[in-house]
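Novice: Please see the structure below; I have some questions.
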Amino acid sequence: MEKVLTIVIPIYKVEAYIMNCLDSLVMADMSLMNQLEVILINDGTPDNSAEMSREYVKRFPDTFHQIDKENGGHGSAWNVGLQKATGKYIRFLDSDDWFTNVDRLIVDLTKSEADIVFNPYIKEFPHENRTEEVETVPVIGETGINPLLWGASKWGYNNVNFWSSTYKTEILKPLLPLFAEKTMFDDYIITWAPLVHGRTYKSLDYPVYHYLIGRPGQSMSARQQRKGAESYVKCFTQYETVRSRIDIHGIPADFLVRIDDSITGYASFVFPYMIYLPLKEARERMKYLWRNYLSKIPNKSKLLKRYAIMPSSMFYYLEHLRRRIRRI
(Lines give C-alpha, C1' and ligand atoms only; values in the text may rest on other atoms or scores of the structure.)
Protein backbone atom coordinates (compact mmCIF):
# COMPACT_ATOMS: atom_id res chain seq x y z
CA MET A 1 0.00 0.00 0.00
CA GLU A 2 1.25 3.48 -0.88
CA LYS A 3 2.29 5.48 2.15
CA VAL A 4 0.39 8.72 2.61
CA LEU A 5 2.52 10.16 5.40
CA THR A 6 6.13 9.72 6.51
CA ILE A 7 7.09 10.84 10.02
CA VAL A 8 10.81 11.28 10.74
CA ILE A 9 11.95 10.94 14.37
CA PRO A 10 15.56 11.44 15.54
CA ILE A 11 16.54 9.40 18.59
CA TYR A 12 19.21 10.56 21.01
CA LYS A 13 19.10 10.31 24.82
CA VAL A 14 15.31 10.23 25.14
CA GLU A 15 14.65 7.14 27.29
CA ALA A 16 12.08 9.02 29.37
CA TYR A 17 10.10 10.25 26.37
CA ILE A 18 10.42 7.86 23.43
CA MET A 19 7.58 5.48 24.35
CA ASN A 20 5.09 8.31 24.78
CA CYS A 21 6.17 9.68 21.41
CA LEU A 22 5.83 6.38 19.55
CA ASP A 23 2.65 5.31 21.34
CA SER A 24 1.03 8.46 19.97
CA LEU A 25 1.49 7.09 16.44
CA VAL A 26 -0.16 3.71 17.04
CA MET A 27 -3.72 3.65 15.69
CA ALA A 28 -6.54 1.22 16.24
CA ASP A 29 -7.47 1.34 12.55
CA MET A 30 -4.77 -0.76 10.87
CA SER A 31 -5.87 0.30 7.40
CA LEU A 32 -4.89 3.86 8.34
CA MET A 33 -1.75 2.77 10.15
CA ASN A 34 -0.60 0.91 7.05
CA GLN A 35 -0.67 4.23 5.21
CA LEU A 36 1.83 5.63 7.72
CA GLU A 37 5.62 5.32 7.50
CA VAL A 38 7.61 6.14 10.63
CA ILE A 39 11.36 6.44 10.08
CA LEU A 40 13.29 6.22 13.35
CA ILE A 41 16.83 7.58 13.13
CA ASN A 42 19.10 6.25 15.86
CA ASP A 43 21.66 9.04 15.90
CA GLY A 44 24.23 7.05 17.83
CA THR A 45 22.41 7.37 21.14
CA PRO A 46 24.42 6.02 24.10
CA ASP A 47 21.36 5.10 26.19
CA ASN A 48 18.59 2.52 25.65
CA SER A 49 16.37 4.77 23.51
CA ALA A 50 17.18 2.93 20.29
CA GLU A 51 16.48 -0.47 21.83
CA MET A 52 13.16 0.80 23.13
CA SER A 53 12.16 2.16 19.71
CA ARG A 54 13.23 -1.08 18.02
CA GLU A 55 10.40 -2.84 19.82
CA TYR A 56 7.93 -0.82 17.72
CA VAL A 57 9.66 -2.01 14.54
CA LYS A 58 9.10 -5.59 15.72
CA ARG A 59 5.46 -4.96 16.61
CA PHE A 60 4.55 -2.91 13.53
CA PRO A 61 7.03 -3.78 10.76
CA ASP A 62 4.83 -2.33 8.03
CA THR A 63 4.87 1.10 9.67
CA PHE A 64 8.02 1.55 11.78
CA HIS A 65 11.53 1.37 10.33
CA GLN A 66 14.78 2.13 12.14
CA ILE A 67 18.07 3.40 10.74
CA ASP A 68 21.18 3.25 12.90
CA LYS A 69 23.91 5.79 12.20
CA GLU A 70 26.85 7.52 13.81
CA ASN A 71 26.05 10.66 15.75
CA GLY A 72 25.70 13.61 13.41
CA GLY A 73 23.19 15.73 15.25
CA HIS A 74 19.52 16.51 14.87
CA GLY A 75 19.85 17.96 11.36
CA SER A 76 21.80 14.95 10.15
CA ALA A 77 18.98 12.65 11.31
CA TRP A 78 16.39 14.79 9.54
CA ASN A 79 18.41 14.76 6.32
CA VAL A 80 18.60 10.96 6.38
CA GLY A 81 14.89 10.64 7.11
CA LEU A 82 13.95 13.03 4.32
CA GLN A 83 16.16 11.15 1.90
CA LYS A 84 14.58 7.79 2.78
CA ALA A 85 10.96 9.00 2.96
CA THR A 86 8.51 7.33 0.59
CA GLY A 87 5.28 8.97 1.76
CA LYS A 88 3.34 11.48 -0.29
CA TYR A 89 3.68 13.86 2.68
CA ILE A 90 6.30 14.23 5.39
CA ARG A 91 6.32 15.52 8.97
CA PHE A 92 9.16 15.91 11.44
CA LEU A 93 8.64 14.89 15.08
CA ASP A 94 11.15 15.29 17.89
CA SER A 95 11.26 12.26 20.14
CA ASP A 96 10.38 14.14 23.33
CA ASP A 97 7.20 15.45 21.69
CA TRP A 98 4.10 13.61 20.48
CA PHE A 99 1.14 13.71 18.08
CA THR A 100 -2.62 13.54 18.39
CA ASN A 101 -5.21 13.13 15.62
CA VAL A 102 -2.84 11.23 13.35
CA ASP A 103 -5.77 9.21 12.01
CA ARG A 104 -7.69 12.37 11.06
CA LEU A 105 -4.59 13.83 9.45
CA ILE A 106 -4.01 10.77 7.27
CA VAL A 107 -7.64 10.83 6.08
CA ASP A 108 -7.34 14.51 5.18
CA LEU A 109 -3.96 14.06 3.48
CA THR A 110 -5.40 11.27 1.37
CA LYS A 111 -7.83 13.80 -0.11
CA SER A 112 -5.36 16.69 -0.35
CA GLU A 113 -3.07 17.87 -3.11
CA ALA A 114 -1.80 20.95 -1.23
CA ASP A 115 1.96 21.37 -1.03
CA ILE A 116 1.80 22.39 2.65
CA VAL A 117 -0.87 21.48 5.19
CA PHE A 118 -1.14 23.54 8.37
CA ASN A 119 -2.61 22.47 11.72
CA PRO A 120 -2.74 24.22 15.08
CA TYR A 121 -0.22 22.87 17.56
CA ILE A 122 -0.09 22.59 21.35
CA LYS A 123 2.65 23.99 23.53
CA GLU A 124 3.06 21.82 26.61
CA PHE A 125 4.41 23.41 29.83
CA PRO A 126 4.53 20.46 32.28
CA HIS A 127 6.31 22.39 35.03
CA GLU A 128 3.57 25.03 34.94
CA ASN A 129 0.78 22.47 34.54
CA ARG A 130 -0.66 24.25 31.52
CA THR A 131 -0.99 24.01 27.74
CA GLU A 132 -1.36 26.61 25.02
CA GLU A 133 -2.89 26.07 21.59
CA VAL A 134 -1.28 28.04 18.78
CA GLU A 135 -3.72 28.73 15.98
CA THR A 136 -2.87 27.98 12.39
CA VAL A 137 -3.04 30.39 9.45
CA PRO A 138 -6.45 32.07 9.26
CA VAL A 139 -7.80 30.65 5.98
CA ILE A 140 -9.40 27.22 6.30
CA GLY A 141 -9.40 25.26 3.07
CA GLU A 142 -7.04 24.93 0.12
CA THR A 143 -5.59 27.99 -1.54
CA GLY A 144 -2.52 29.42 -3.21
CA ILE A 145 0.35 30.36 -0.94
CA ASN A 146 0.68 34.00 0.00
CA PRO A 147 4.42 34.39 0.62
CA LEU A 148 3.66 37.20 3.09
CA LEU A 149 2.70 34.45 5.55
CA TRP A 150 6.41 33.78 5.90
CA GLY A 151 7.19 37.23 7.31
CA ALA A 152 10.58 38.90 6.93
CA SER A 153 12.41 37.47 9.91
CA LYS A 154 14.13 34.21 10.74
CA TRP A 155 10.95 33.09 12.52
CA GLY A 156 8.64 33.90 9.64
CA TYR A 157 4.97 33.81 10.51
CA ASN A 158 4.40 32.30 13.94
CA ASN A 159 2.85 29.16 12.47
CA VAL A 160 5.30 28.48 9.67
CA ASN A 161 7.47 25.89 11.39
CA PHE A 162 7.64 22.12 11.65
CA TRP A 163 5.29 22.01 14.65
CA SER A 164 2.42 23.26 12.50
CA SER A 165 3.33 21.95 9.05
CA THR A 166 3.04 18.86 6.91
CA TYR A 167 4.94 19.05 3.62
CA LYS A 168 4.64 17.27 0.32
CA THR A 169 7.82 15.23 0.28
CA GLU A 170 8.56 16.24 -3.28
CA ILE A 171 8.92 19.93 -2.41
CA LEU A 172 11.67 19.29 0.18
CA LYS A 173 13.67 16.41 -1.31
CA PRO A 174 15.25 18.53 -4.08
CA LEU A 175 16.79 20.73 -1.36
CA LEU A 176 18.82 17.91 0.23
CA PRO A 177 21.00 18.18 2.21
CA LEU A 178 18.57 20.66 3.74
CA PHE A 179 19.44 20.84 7.43
CA ALA A 180 22.72 21.90 9.04
CA GLU A 181 24.49 19.03 10.76
CA LYS A 182 26.34 18.73 14.08
CA THR A 183 24.80 21.88 15.47
CA MET A 184 21.80 23.22 17.39
CA PHE A 185 18.89 25.21 15.93
CA ASP A 186 19.08 23.40 12.57
CA ASP A 187 15.29 23.45 12.13
CA TYR A 188 15.11 27.23 11.50
CA ILE A 189 15.63 26.69 7.77
CA ILE A 190 12.18 25.11 7.54
CA THR A 191 10.70 28.59 8.10
CA TRP A 192 11.46 29.46 4.47
CA ALA A 193 12.58 26.35 2.58
CA PRO A 194 8.99 25.30 1.63
CA LEU A 195 8.67 28.50 -0.40
CA VAL A 196 11.18 27.22 -2.94
CA HIS A 197 8.85 24.63 -4.49
CA GLY A 198 5.60 24.97 -2.51
CA ARG A 199 2.75 26.77 -4.27
CA THR A 200 -0.47 25.79 -2.46
CA TYR A 201 -1.51 25.24 1.14
CA LYS A 202 -4.39 23.83 3.09
CA SER A 203 -5.28 24.78 6.66
CA LEU A 204 -7.00 22.33 9.01
CA ASP A 205 -8.71 23.19 12.29
CA TYR A 206 -7.46 20.51 14.72
CA PRO A 207 -4.08 20.18 16.48
CA VAL A 208 -1.53 17.46 15.70
CA TYR A 209 1.82 18.37 17.25
CA HIS A 210 2.41 18.61 21.01
CA TYR A 211 5.60 20.58 21.69
CA LEU A 212 7.18 19.94 25.09
CA ILE A 213 8.83 23.07 26.48
CA GLY A 214 11.24 23.19 29.39
CA ARG A 215 12.47 19.64 29.80
CA PRO A 216 15.99 19.27 31.30
CA GLY A 217 18.67 19.15 28.60
CA GLN A 218 16.62 20.82 25.88
CA SER A 219 18.94 22.93 23.73
CA MET A 220 16.72 25.98 23.99
CA SER A 221 16.94 26.05 27.77
CA ALA A 222 20.58 24.92 28.15
CA ARG A 223 22.15 27.14 25.48
CA GLN A 224 25.51 28.62 26.27
CA GLN A 225 26.46 31.91 24.69
CA ARG A 226 29.50 30.88 22.70
CA LYS A 227 28.12 27.51 21.69
CA GLY A 228 24.94 29.25 20.60
CA ALA A 229 26.90 31.74 18.50
CA GLU A 230 28.84 28.95 16.81
CA SER A 231 25.57 27.16 16.05
CA TYR A 232 24.05 30.27 14.51
CA VAL A 233 27.09 30.61 12.25
CA LYS A 234 26.72 27.01 11.03
CA CYS A 235 23.00 27.43 10.44
CA PHE A 236 23.45 30.69 8.56
CA THR A 237 26.09 29.08 6.36
CA GLN A 238 23.58 26.32 5.58
CA TYR A 239 20.99 28.96 4.66
CA GLU A 240 23.39 30.42 2.14
CA THR A 241 24.39 27.01 0.79
CA VAL A 242 20.80 25.94 0.15
CA ARG A 243 19.98 29.37 -1.32
CA SER A 244 22.93 29.09 -3.73
CA ARG A 245 21.58 25.77 -5.07
CA ILE A 246 18.14 27.13 -5.91
CA ASP A 247 17.23 27.46 -9.57
CA ILE A 248 15.76 30.96 -9.38
CA HIS A 249 14.17 30.69 -12.82
CA GLY A 250 11.40 28.46 -11.47
CA ILE A 251 10.50 30.64 -8.50
CA PRO A 252 7.97 33.52 -8.64
CA ALA A 253 9.64 36.86 -7.94
CA ASP A 254 7.62 37.56 -4.79
CA PHE A 255 8.55 34.14 -3.38
CA LEU A 256 12.24 34.75 -4.05
CA VAL A 257 12.04 38.16 -2.38
CA ARG A 258 10.46 36.56 0.69
CA ILE A 259 13.18 33.89 0.84
CA ASP A 260 15.89 36.53 0.69
CA ASP A 261 14.07 38.70 3.23
CA SER A 262 13.95 35.73 5.61
CA ILE A 263 17.68 35.13 5.23
CA THR A 264 18.38 38.82 5.82
CA GLY A 265 16.12 38.74 8.86
CA TYR A 266 18.09 35.80 10.20
CA ALA A 267 21.34 37.71 9.60
CA SER A 268 19.93 40.52 11.74
CA PHE A 269 19.00 38.01 14.46
CA VAL A 270 22.41 36.29 14.63
CA PHE A 271 24.50 39.48 14.40
CA PRO A 272 24.36 40.34 18.16
CA TYR A 273 25.51 36.83 19.07
CA MET A 274 28.75 37.22 17.11
CA ILE A 275 30.35 39.13 19.98
CA TYR A 276 30.46 35.85 21.92
CA LEU A 277 33.00 34.54 19.43
CA PRO A 278 36.73 35.27 19.76
CA LEU A 279 37.62 38.78 18.61
CA LYS A 280 39.18 37.95 15.25
CA GLU A 281 36.38 35.61 14.20
CA ALA A 282 33.72 37.99 15.54
CA ARG A 283 35.11 40.88 13.51
CA GLU A 284 35.16 38.79 10.34
CA ARG A 285 31.62 37.47 10.86
CA MET A 286 30.14 40.87 11.67
CA LYS A 287 31.88 42.46 8.71
CA TYR A 288 30.53 39.75 6.40
CA LEU A 289 26.95 40.05 7.67
CA TRP A 290 27.09 43.83 7.45
CA ARG A 291 28.54 43.96 3.95
CA ASN A 292 26.29 41.32 2.41
CA TYR A 293 23.01 41.82 4.27
CA LEU A 294 22.64 44.35 7.04
CA SER A 295 24.02 47.54 5.52
CA LYS A 296 21.13 47.45 3.03
CA ILE A 297 18.22 47.15 5.42
CA PRO A 298 16.13 50.21 6.37
CA ASN A 299 15.22 51.13 9.94
CA LYS A 300 18.35 49.66 11.47
CA SER A 301 18.40 48.76 15.15
CA LYS A 302 20.38 50.82 17.64
CA LEU A 303 22.92 48.01 17.73
CA LEU A 304 23.51 48.17 13.99
CA LYS A 305 23.68 51.95 14.07
CA ARG A 306 26.42 51.72 16.69
CA TYR A 307 28.30 49.19 14.59
CA ALA A 308 28.11 51.48 11.55
CA ILE A 309 29.95 54.34 13.28
CA MET A 310 32.50 52.45 15.41
CA PRO A 311 35.71 50.58 14.67
CA SER A 312 34.83 46.89 14.93
CA SER A 313 37.21 46.16 17.83
CA MET A 314 35.78 49.04 19.85
CA PHE A 315 32.27 47.87 19.08
CA TYR A 316 33.18 44.34 20.22
CA TYR A 317 34.56 45.39 23.59
CA LEU A 318 31.88 48.00 24.27
CA GLU A 319 29.10 45.47 23.61
CA HIS A 320 30.72 43.04 26.02
CA LEU A 321 30.85 45.84 28.60
CA ARG A 322 27.20 46.77 28.00
CA ARG A 323 26.10 43.18 28.56
CA ARG A 324 28.19 42.89 31.72
CA ILE A 325 26.65 46.07 33.12
CA ARG A 326 23.12 44.84 32.39
CA ARG A 327 23.82 41.66 34.38
CA ILE A 328 25.03 43.58 37.44
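Novice: When only residues in segment 1-19 that are of a type outside the set (A, V, I, L, M, F, W, C) and closer than 19 Å to Val102 by Cβ count, which is surrounded by the fewest Cβ atoms within 10 Å (Cβ to Cβ)? Steps first, please.
Specialist: Step one: of segment 1-19, the residues of a type outside the set (A, V, I, L, M, F, W, C) are 2-3, 6, 10, 12-13, 15, 17.
Restricting the remaining residues to those that are closer than 19 Å to Val102 by Cβ gives 2-3, 6, 10, 17.
Working: Glu2: 10, Lys3: 20, Thr6: 24, Pro10: 24, Tyr17: 18.
Top of the filtered list is Glu2.
Novice: Of all residues being of a type in the set (A, V, I, L, M, F, W, C) and farther than 27 Å from Val107 by Cα in segment 30-52, which is surrounded by the fewest Cβ atoms within 10 Å (Cβ to Cβ)? Just the residue, please. Steps first, please.
Specialist: Filtering segment 30-52 for residues of a type in the set (A, V, I, L, M, F, W, C) gives 30, 32-33, 36, 38-41, 50, 52.
Within this subset, residues satisfying the condition of being farther than 27 Å from Val107 by Cα are 50, 52.
On the way: Ala50: 21, Met52: 16.
Of everything passing the filter in segment 30-52, Met52 is surrounded by the fewest Cβ atoms within 10 Å (Cβ to Cβ).
Novice: Filter segment 74-124 for residues that are of a type in the set (A, V, I, L, M, F, W, C), assigned to a helix (DSSP H, G or I) and within 28 Å of Asp43 (Cα to Cα); which is most open to solvent (accessible area, probe 1.4 Å)? Give the derivation first.
Specialist: Quick first cut of segment 74-124, residues of a type in the set (A, V, I, L, M, F, W, C) only: 77-78, 80, 82, 85, 90, 92-93, 98-99, 102, 105-107, 109, 114, 116-118, 122.
After this cut, where a residue has to be assigned to a helix (DSSP H, G or I) as well, the list is 77-78, 80, 82, 102, 105-107, 109.
Now narrow it down to the ones that are within 28 Å of Asp43 (Cα to Cα): 77-78, 80, 82, 102, 105-106.
On the way: Ala77: 0, Trp78: 0, Val80: 32, Leu82: 0, Val102: 5, Leu105: 1, Ile106: 0 Å².
Among those residues, the one meeting the criterion is Val80.
Novice: Moving on to the next point. So Arg283 passes all but one of these: (1) more than 30 Å from Tyr17 (Cβ to Cβ); (2) modelled with pLDDT under 95. Which condition number does it fail?
Specialist: With (1) more than 30 Å from Tyr17 (Cβ to Cβ); (2) modelled with pLDDT under 95 applied to Arg283, the lone miss is (2).
Novice: In addition: If only one of Glu230, Glu240 is among the charged types (D, E, K, R) and without any contact (Cβ under 8 Å) to a residue 40 or more places away in the chain, which one is it?
Specialist: Working: Glu230 fails: without any contact (Cβ under 8 Å) to a residue 40 or more places away in the chain.
After applying the criteria, what remains is Glu240.
Novice: Kindly indicate whether Met27 is more than 20 Å from Val117 (Cβ to Cβ) and open to solvent by 10 Å² or more (accessible area, probe 1.4 Å). Even if it seems obvious, please write down each step before you answer.
Specialist: Details: more than 20 Å from Val117 (Cβ to Cβ): no; open to solvent by 10 Å² or more (accessible area, probe 1.4 Å): yes.
It is false that Met27 is more than 20 Å from Val117 (Cβ to Cβ) and open to solvent by 10 Å² or more (accessible area, probe 1.4 Å).
Novice: Of everything in segment 20-66, what is farther than 16 Å from Val102 by Cα and touching a helix residue (DSSP H, G or I) at 6+ places or on another chain (Cβ under 6 Å)? Give them in sequence order.
Specialist: Scanning segment 20-66 gives Leu40, Ile41, Asn42, Asp43, Ser49, Met52, Ser53, Tyr56, Gln66.
Novice: Separate question: What is the one condition in (1) farther than 14 Å from Trp192 by Cβ; (2) open to solvent by less than 80 Å² (accessible area, probe 1.4 Å); (3) of a type outside the set (Ser, Thr, Tyr); (4) in contact (Cβ under 8 Å) with a residue 24 or more places away in the chain that Ile259 does not satisfy?
Specialist: (1)
Novice: When residues of segment 53-71 are filtered for being in a loop (DSSP other than H, G, I, E, B) and surrounded by fewer than 18 Cβ atoms within 10 Å (Cβ to Cβ), how many remain?
Specialist: The initial filter retains those residues of segment 53-71 that are in a loop (DSSP other than H, G, I, E, B), namely 60-63, 70-71.
Still in the list and also surrounded by fewer than 18 Cβ atoms within 10 Å (Cβ to Cβ): 61-62, 70-71.
Number satisfying all stated conditions: 4.
Novice: Can you say whether Arg215 is assigned to a loop (DSSP other than H, G, I, E, B) and modelled with pLDDT under 90, as far as the supplied structure shows?
Specialist: On the way: assigned to a loop (DSSP other than H, G, I, E, B): yes; modelled with pLDDT under 90: yes.
So Arg215 passes the test.
Novice: While we're on this one: Please go through segment 1-24 and give me each residue that is among the aliphatic types (A, V, I, L, M), within 30 Å of Ala114 (Cα to Cα) and part of a loop (DSSP other than H, G, I, E, B), ordered by number. If you could, list the steps in order and put the result at the bottom.
Specialist: We begin by selecting, within segment 1-24, every residue among the aliphatic types (A, V, I, L, M); these are 1, 4-5, 7-9, 11, 14, 16, 18-19, 22.
Checking the rest, the ones that are also within 30 Å of Ala114 (Cα to Cα) come to 1, 4-5, 7-9, 11, 22.
Listed by number, the residues that qualify are Met1, Val4.
Novice: Under 7 Å between Cβ atoms, which residue pairs at least 6 apart in sequence (or on different chains) link something in segment 35-48 that is assigned to a loop (DSSP other than H, G, I, E, B) with a partner that is at pLDDT below 95?
Specialist: These pairs meet every condition: Gln35/Met1.
Novice: If I ask for residues that are modelled with pLDDT of 95 or more and either over 14 Å from Ile263 (Cα atoms) or more than 27 Å from the chain's Cα centre (by Cα) (or both), which ones from segment 292-301 would you list? Before the answer, list the steps.
Specialist: Our first condition is that a residue be modelled with pLDDT of 95 or more; within segment 292-301, this holds for 292-295.
Once the filter is applied, which keeps residues that are modelled with pLDDT of 95 or more and either over 14 Å from Ile263 (Cα atoms) or more than 27 Å from the chain's Cα centre (by Cα) (or both), segment 292-301 yields only Ser295.
Novice: Further question on the same structure: Look at Glu170 and say whether it is touching a helix residue (DSSP H, G or I) at 6+ places or on another chain (Cβ under 8 Å), among the acidic types (Asp, Glu) and either part of a loop (DSSP other than H, G, I, E, B) or surrounded by fewer than 18 Cβ atoms within 10 Å (Cβ to Cβ) (or both).
Specialist: Values: touching a helix residue (DSSP H, G or I) at 6+ places or on another chain (Cβ under 8 Å): no; among the acidic types (Asp, Glu): yes; either part of a loop (DSSP other than H, G, I, E, B) or surrounded by fewer than 18 Cβ atoms within 10 Å (Cβ to Cβ) (or both): yes.
Here the answer is no, as Glu170 does not meet what is asked.
Novice: I'd like the residue in segment 273-319 that is touching a residue at least 40 places away in the same chain (Cβ under 8 Å) and either open to solvent by 50 Å² or more (accessible area, probe 1.4 Å) or in contact with a Leu (Cβ under 7 Å, 6 or more places away or on another chain) (or both) and, out of all such residues, is farthest from Lys227 (Cα to Cα).
Specialist: Of everything passing the filter in segment 273-319, Tyr316 is farthest from Lys227 (Cα to Cα).
The values are calculated or read from the model by the stated rules, or taken from the named source; none is laboratory data. Since the structure is predicted, the reported quantities are computational estimates derived from the model, not experimental observations. Reconstructed Cβ throughout: ideal geometry from the backbone, glycine too, with neighbour counts over all protein chains shown. For accessibility, only protein heavy atoms count, side chains too; no ligands or nucleic acids. Shrake-Rupley method; radii C 1.70, N 1.55, O 1.52, S 1.80 Å.
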